[in-house]
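Read-outs throughout are calculated quantities, based only on the coordinates presented, and are distinct from any laboratory measurement. For clarity, every value in this text was computed on a predicted model and none was experimentally measured. Positions of Cβ are generated from backbone atoms using ideal geometry, with glycine treated the same way; all protein chains shown enter the neighbour counts.
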Ligand SMILES: Cc1cc2nc3c(=O)[nH]c(=O)nc-3n(C[C@H](O)[C@H](O)[C@H](O)COP(=O)(O)OP(=O)(O)OC[C@H]3O[C@@H](n4cnc5c(N)ncnc54)[C@H](O)[C@@H]3O)c2cc1C
């Protein structure tokens, strides 16, 4: 007779690793973790520019989007950032927050977090099969049948932890959405999130590599549709950094991105400052007008955008100063799209959260649990997506363990 696992977890990423480990810790004996890559945690190991920003000290549901805000709040309340750091510490790691509240392993190596899981799973003798791509899932008897290219597995409970569609080169091509749909779940529209914006490279010429703190707003049809504040990092026709990433899930081609490079100062004050400077030093080259106000590269770019020659004496530019101050306070760049799912860090949209219980069990198929990025939950940049993955994986594990072990 075919072996029936207590639980099969599909996906050895952040949520699946946490789920499998917690199931074992809670006494669920027969757990099988299936991962299509040749090793677990490939994405986890490259997070946070390889440093692994696993959570944030400022943790709450207001940092998340999607249909699941209430569920996120409830899950995070129980499995918060302190709980997470406690878990990792109990596995032998040391974690610390930077000045912005972003929590990293003290070694600043994301792969070390994956290693904590690998060793803990091996110690608890959890069956981990890599190189096993699940191709189909279905109801079988009172449980589930999970089909891979080489085998079929049976399970009493099934956890979909296959991630979203972002960065498919790391193994996430969106397989989980089809699995969830096969049980009758709805998948809300999917969009790349936390991804570079594309813009006209001529308008940001000379700025490559520059990082600025800005207030950034998206304008659609002349109306502001989203705004945020944070870093913008200029690339070769692209914009990244916190602020650009945050807006990426909300933008559409044809939008305008308005950057305010001096968010703490008014435009009137800036016009007065420039006018006084030009009156006091009429021979000063215009290239010097914004010195000590914005960076030199940005000053040159903005002067060029206002057609003010760098060598023109400031005394001759009095009529252009309001326009220059306007460019500093609201430089408009056309949004030409994003770099898409391949470069995205997260997926906006996913399995509709109203179709899951507060413990992340499917309301369509009892015994099926859906966790991590597959859910219609996406967080801001700063450790929020990994926290959701870990918290949701643990939440589902506890629910399964209570059913199986009481
Ligand atoms: C470059 C990058 C940097 C990031 N940095 C951060 C950061 O610093 N902080 C942060 O909070 N978030 C970060 N994120 C986002 C975060 O990594 C994800 O939100 C999180 O990993 C999602 O966890 P998950 O378990 O849902 O999915 P994943 O971690 O993507 O894991 C899903 C797993 O399922 C496997 N799988 C998929 N389909 C199948 C199948 N059919 N059969 C078997 N296995 C399958 C995949 O191979 C994968 O291993 C980053 C993302 C990227 C791409």
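Given N residues in the stretch 232-313, what is Rg(Cα) / (2.2 N^0.38 Å)?
Normalised Rg, Cα atoms only: 1.31.
Which FRET efficiency, nearest 0.05, do residue 168 and residue 253 yield, Cβ-Cβ r, R0 22 Å? Don't jump to the answer; show the numbers that get you there.
Values: r = 22 Å, r/R0 = 0.99.
Efficiency for this residue pair is about 0.50.
Set the Förster radius R0 to 45 Å, insert the Cβ-Cβ distance between residue 201 and residue 60 as r into 1/(1 + (r/R0)^6), and round the FRET efficiency to 0.05.
After rounding to 0.05, the efficiency reads 0.75.
So the label point goes 7 Å from the Cα of residue 80 along Cα→C-beta, right? Which residues of the stretch 379-396 then have their backbone N under 15 Å from it?
388, 391
What does the convex hull of the Cα atoms of the chain come to per residue, in Å³, rounded to a whole number?
Residue-normalised Cα hull volume stands at 138 Å³.
For a protection proxy built on the mean count of beta-carbon atoms within 10 angstrom, sort 291-300, 47-56, 260-269 highest first, please.
Going from most to least packed, we get 47-56, 291-300, 260-269.
What does a probe at residue 336 reach in the stretch 204-229, counting residues whose amide N is under 15 Å from the point 7 Å along Cα→Cβ?
Under 15 Å, as judged by backbone N against the label point of residue 336, lie 204-208 of the stretch 204-229.
Pairs of Cα atoms under 8 Å, at least six residues apart: use those to get the relative contact order of the chain, whole percent.
Values: 930 pairs, mean separation 98.2, N = 406.
Reported as a whole number, the value is 24 percent.
How high is the relative contact order of the stretch 196-338? Use alpha-carbon pairs under 8 Å, at least six apart in sequence, and give a whole percent.
It comes to 31 percent, rounded to a whole number.
Can you tell me the orientation of helix 267-280 relative to the chain, as the angle in degrees between its alpha-carbon axis and the longest Cα principal axis, to the nearest 10?
40 degrees
So if R0 is 45 Å, what FRET efficiency would residue 147 and residue 226 give, r being the distance between their Cβ atoms, rounded to the nearest 0.05? The partial results should precede the final answer.
Numbers: r = 42 Å, r/R0 = 0.93.
Here the calculated transfer efficiency is 0.60.
By per-residue mean of other Cβ atoms within 10 Å, what is the highest-first order of 376-383, 218-225?
For the peptides 376-383, 218-225, the packing ranking is 376-383, 218-225.
Any idea what diffusion coefficient the stretch 196-338 gets from Stokes-Einstein, in µm²/s, Kirkwood Rh on alpha carbon pairs, 37 °C, 0.692 mPa s? Walk me through the numbers on the way to the answer.
On the way: Rh = 15.4 Å.
Rounded, D is 214 µm²/s.
How big is the stretch 301-388 on each of its three principal axes, counting only the C-alpha atoms and giving the largest first in Å?
Principal-axis extents of the Cα atoms in the stretch 301-388, largest first: 76, 24, 20 Å.
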